Amino acid sequence: MFPATSSVHVGKHRRRSQACPDRSRGYASSRWRSRCWDRWRRGRVCLLATTDRQWRNLFAAIDRPDLADDPRFATIAGRTANIDALYTLLAERMRLRTTAEWRERLDRFDVPNGVVNDLAGLVADPYLNETGFFRRVEHPTEGPTVTTAIPVSFSATPGELRLPPPRLGQHNSEILAELGFNAADIAEISGSAG
């Protein structure tokens with residue numbers, strides 16, 4: 001799972017997208033403005049409390065066990081209705097410790113969690129390097145580059161890297177032709193019309 005999700009995030013980093021660029025779709029909790037908390041003391045941690053038990057454990061981990069009995073946060077309906085207050089409280093508490101301290105504490109309280117890596121952290125990750133996740137390739141026009149391996153493998157249909165990543169616009173003519181544009185239209189669109 002780590003290689004598959006890392007593959008997605010490496011692509012996002014390559015496109016220089018922000019951590020939470022678009023909050024217009026999805027669950028209210030994922031659109032909340034503090035869903036992507038400010039970087040706190042030395043890194044970030046992702047936590048995933050989904051059940052009432054996990055939330056009780058999380059409240060204990062942040063030294064607020066009383067919140068498990070607070071009607072605003074005791075059930076999923078209450079947490080959803082009070083998501084702003086909940087995430088404000090979590091954001092304040094998460095700034096109190098380092099990522100390493102939170103990882104140890106959340107593990108101890110049985111709250112699913114993981115480090116949120118930046119691109120440098122992913123590239124340096126021992127597991128990803130040991131498993132051959134990163135591939136060094138020679139691009140015909142860009143020179144030596146690093147790309148990601150195919151993050152999943154299937155015994156009957158193994159994937160392989162056969163071609164280098166395309167250059168910007170490299171396949172525009174083929175795509176436009178598939179969409180029904182004729183050669184003159186394609187030349188005009190691409191700016192190569194005589």
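Computed from the coordinates by the stated procedures, all read-outs in this text should not be read as laboratory data. Note that the coordinates shown come from a computational prediction; the quantities given were computed from them, not determined experimentally. Cβ sites come from the backbone with ideal geometry, for glycine too, and all protein chains shown count toward neighbours.
Some observations on this one:
- Of the peptides 98-106, 154-162, 117-125, the ranking by mean beta-carbon count within 10 Å, highest at the top, reads 98-106, 117-125, 154-162.
- Cβ-derived FRET efficiency at R0 25 Å, ASP118 paired with ASN82, nearest 0.05: 0.20
- Taking the inverse of the mean 1/r over every pair of distinct Cα atoms in region 57-194 gives a Kirkwood hydrodynamic radius of 20.8 Å.
- Distance in nm between pseudo-label sites at THR141 and HIS171 (7 Å out along the Cβ direction from Cα): 1.5 nm
- For the pair ALA100 and LEU163 in one chain, pulling the backbone fully straight at 0.36 nm per residue adds 18.7 nm over the alpha carbon distance.
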